[in-house]
1. Would you confirm whether any residue within the stretch 110-126 is at positive phi, under 13 Å from the mean Cα position of the chain (by Cα) and of a type outside the set (F, W, Y)?
2. Exactly one of (1) in contact with a helix residue (DSSP H, G or I) (Cβ under 6 Å, 6 or more places away or on another chain); (2) of a type outside the set (S, T, Y); (3) surrounded by fewer than 17 Cβ atoms within 10 Å (Cβ to Cβ) is unmet by A84. Its number?
3. Would you mention how many residues in the stretch 119-142 are closer than 16 Å to D14 by Cβ, in a helix (DSSP H, G or I) and not charged (D, E, K, R)?
4. Filter the stretch 125-142 for residues that are surrounded by fewer than 17 Cβ atoms within 10 Å (Cβ to Cβ) and either small (G, A, S) or modelled with pLDDT under 95 (or both) and give the result.
5. Could you list, in sequence order, all residues of the stretch 76-109 that are within 16 Å of E126 (Cα to Cα), within 16 Å of the chain's Cα centre (by Cα) and not aliphatic (A, V, I, L, M)?
6. Among the numbered conditions (1) among the aliphatic types (A, V, I, L, M); (2) under 30 Å from S135 (Cα atoms); (3) not in a helix (DSSP H, G or I), tell me where A109 comes up short.
7. Quick one: would you say I113 is out of contact with any strand residue (DSSP E or B) (no Cβ under 6 Å at 6 or more places or on another chain), in contact (Cβ under 8 Å) with a residue 24 or more places away in the chain and hydrophobic (A, V, I, L, M, F, W, C)?
8. For the stretch 28-63, enumerate the residues that are surrounded by fewer than 16 Cβ atoms within 10 Å (Cβ to Cβ) and modelled with pLDDT of 95 or more.
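The values are calculated or read from the model by the stated rules, or taken from the named source; none is laboratory data. Source: prediction; values computed, not measured. Here Cβ is always computed from backbone atoms with ideal geometry, including for glycine, and neighbour counts include all displayed protein chains.
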Amino acid sequence: MTATVENAPALGDDLEQRRAKIRRQQLLMATEQWAPGYREVAGGWLKYVCEITGATDEERAWLEAHVATHGLPDVVRTAEEWSARRRTQGGQANAAATAAFLAGDFDRARDMIDVARAHGAVLETEWLRLHEFVSARAAAAA
C-alpha cells in the first residue's frame with residue numbers, strides 16, 4: 001500500500017500505542033528466531049535477545065514476563081527461512097491493508113499496516129504516512 005497525506009487528522013496517542021504493539025511483536029519475533037539457539041548453546045536467551053534487539057529495561061521486563069506466561073518457542077529455522085517468512089508475512093499484511101482500505105474497512109487497514117511494519121515490509125516514515133492517509137480517508141467517509 002502506498003499513499004500521500006491529505007489533511008490527515010492528528011493521531012498522537014493512537015500511533016504511540018500502535019508503535020508499542022509493533023515493538024512487542026518485533027521482540028516476540030526476535031525471541032522466536034534467537035532464543036532457542038541461545039538457550040541451547042549459552043544456557044540462557046534473554047540477555048542475547050535483548051542485546052540483538054536493543055531492548056530497553058521496560059521491554060526486557062515485558063518480554064521476560066510474556067515468556068514466563070506463554071513459554072519459549074522451539075522453532076528452528078535458517079536465516080534464509082526467517083528472512084523469507086518475514087518478507088512473505090509482511091507482503092501479505094501489506095496486501096491485506098490495501099484490500100481492507102479499498103473495501104472501506106479503515107480499522108482493519110490500519111491494523112494490517114502495523115503488521116506489515118512489524119515484519120519490516122514498510123519503513124517507519126511510510127508507516128506514519130499510511131496511517132495519516134487512511135485516517136484522513138476514514139474521516140472523510142464518516
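1. Just the residues of the stretch 110-126 that are at positive phi, to begin with: 120.
Okay, now just the ones that are also under 13 Å from the mean Cα position of the chain (by Cα), so 120.
This time we only want the ones that are of a type outside the set (F, W, Y), so: 120.
Yes, some residue in the stretch 110-126 is at positive phi, under 13 Å from the mean Cα position of the chain (by Cα) and of a type outside the set (F, W, Y).
2. (1)
3. Step one: of the stretch 119-142, the residues closer than 16 Å to D14 by Cβ are 124, 127-139, 142.
From the residues that got through so far, the ones that are in a helix (DSSP H, G or I) too are 124, 127-139.
Then keep just the ones that are not charged (D, E, K, R); that gives 127-128, 130-131, 133-136, 138-139.
Selection size over the stretch 119-142: 10.
4. Correct list: A139, A140, A141, A142.
5. G90, G91, N94
6. (3)
7. Working: out of contact with any strand residue (DSSP E or B) (no Cβ under 6 Å at 6 or more places or on another chain): yes; in contact (Cβ under 8 Å) with a residue 24 or more places away in the chain: yes; hydrophobic (A, V, I, L, M, F, W, C): yes.
Against the criterion (out of contact with any strand residue (DSSP E or B) (no Cβ under 6 Å at 6 or more places or on another chain), in contact (Cβ under 8 Å) with a residue 24 or more places away in the chain and hydrophobic (A, V, I, L, M, F, W, C)), I113 qualifies.
8. K47, E51, I52, G54, T56, D57, E58, A61
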